């Protein structure tokens, strides 16, 4: 029985459940703790925390930051963030302005190839959250320009395609130091997306640890058992904390269940206990949430 899920998304970014609906779903799944880690925003944390208090679920405030990386893609999770982290919010506000400009570029690119998509349509389906590529994919499917989400990304939204526009990102050291300024526990999300050889992964983790990285998302929906074993071994070797997350997005990532991923995840609350012990040694606080 899974007990935790430390990587989830709500309608505050590109998930399909509201923060309170997400918490209710976690309670229904009989989880003991959940982290809300929306992309480049903490907007959903107050609602998720309130729902956690009401329903008796431990909710950990978090976010997921995209950072610059040459090979694949690198994302960092910040856990145990306060509901209103001042320094982080200032940076997220700047990134939000840049994301808005990027979205306008994607709209223009798609329009130039006969895809009639407007900002108003995107805003209608985000229900107040930030607009991201999954929302473009949803409209591409609705309008018949793509068969499904995978097709939309493959032919319209990934680098090198007609609709793609680059995203402004933080550098890894900058992002880690920003999260640590807010006393967050910093986790490298889904290391499989780094697209590195095994020896290269260790070198990258050593560098990130020097910047302040605390752990690695060992248990993840898309990891094979071999990958899980490899990342667990690196965490043990480098004295990094193992973490676990499904990367749940609701209907925007079908087949991914809270706490279970594609069915193989069974993360224990012991991972959270270990993170809490590490935070106590650093003298970090535990922001009130649930």
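Structure summary
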| quantity | calculated |
| --- | --- |
| Residues of the range 8-28 with amide N under 20 Å of a point placed 7 Å along Cα→Cβ from residue 125 | 9-19 |
| The range 108-163-the range 254-290 distance, computed between alpha-carbon centres (Å) | 33 |
| Value of [θ]222 nm, deg cm²/dmol, for the chain, DSSP H segments ≥ 4, -39500 (n - 2.57) each, nearest 500 | -13000 deg cm²/dmol |
| DSSP bridge pairs, the chain: antiparallel proportion in percent, nearest 5 | 40 |
| Sequence of 262, 253 once ranked by neighbouring C-beta atoms within 10 Å, starting from the fewest | 262, 253 |
| Theoretical gain in end-to-end length, residue 273 to residue 195 [0.36 nm per residue, Cα-Cα removed] | 25.1 nm |
| Per-residue Cβ neighbour rank within 10 angstrom, fewest leading, 113, 164 | 113, 164 |
| Most fluctuating residue given options 243, 73, 221, as computed from a GNM of the chain linking Cα atoms under 10 Å | 73 |
| Residue exposure sequence - 209, 198 - by fewest surrounding Cβ within 10 Å | 198, 209 |
| Pairwise centroid distance, computed over Cα atoms, of the range 29-64 with the range 218-250, Å | 21 |
| Over the range 7-164, relative contact order from alpha-carbon pairs under 8 Å, at least 6 apart, % | 19 |
| Relative contact order [Cα under 8 Å, 6+ residues apart], the chain, whole percent | 25 |
| GNM flexibility winner over the chain from 97, 214, 38 (Cα, springs under 10 Å) | 97 |
| Length-normalised contact order of the range 35-128 in % [C-alpha pairs under 8 Å, at least 6 apart] | 22 |
| Added length on full extension, which subtracts the Cα-Cα distance from 0.36 nm per residue, residue 237 to residue 162 | 22.7 nm |
| Choice from 251, 210, 199 showing the highest fluctuation, given a GNM over the chain with Cα pairs closer than 10 Å | 199 |
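Values quoted throughout were computed directly from the atomic coordinates according to the rules given, and no laboratory measurement underlies them. Everything quoted here is computed from the prediction, not taken from an experiment. Counting neighbours? That spans all protein chains shown, and the Cβs are built from the backbone with ideal geometry, glycine included.
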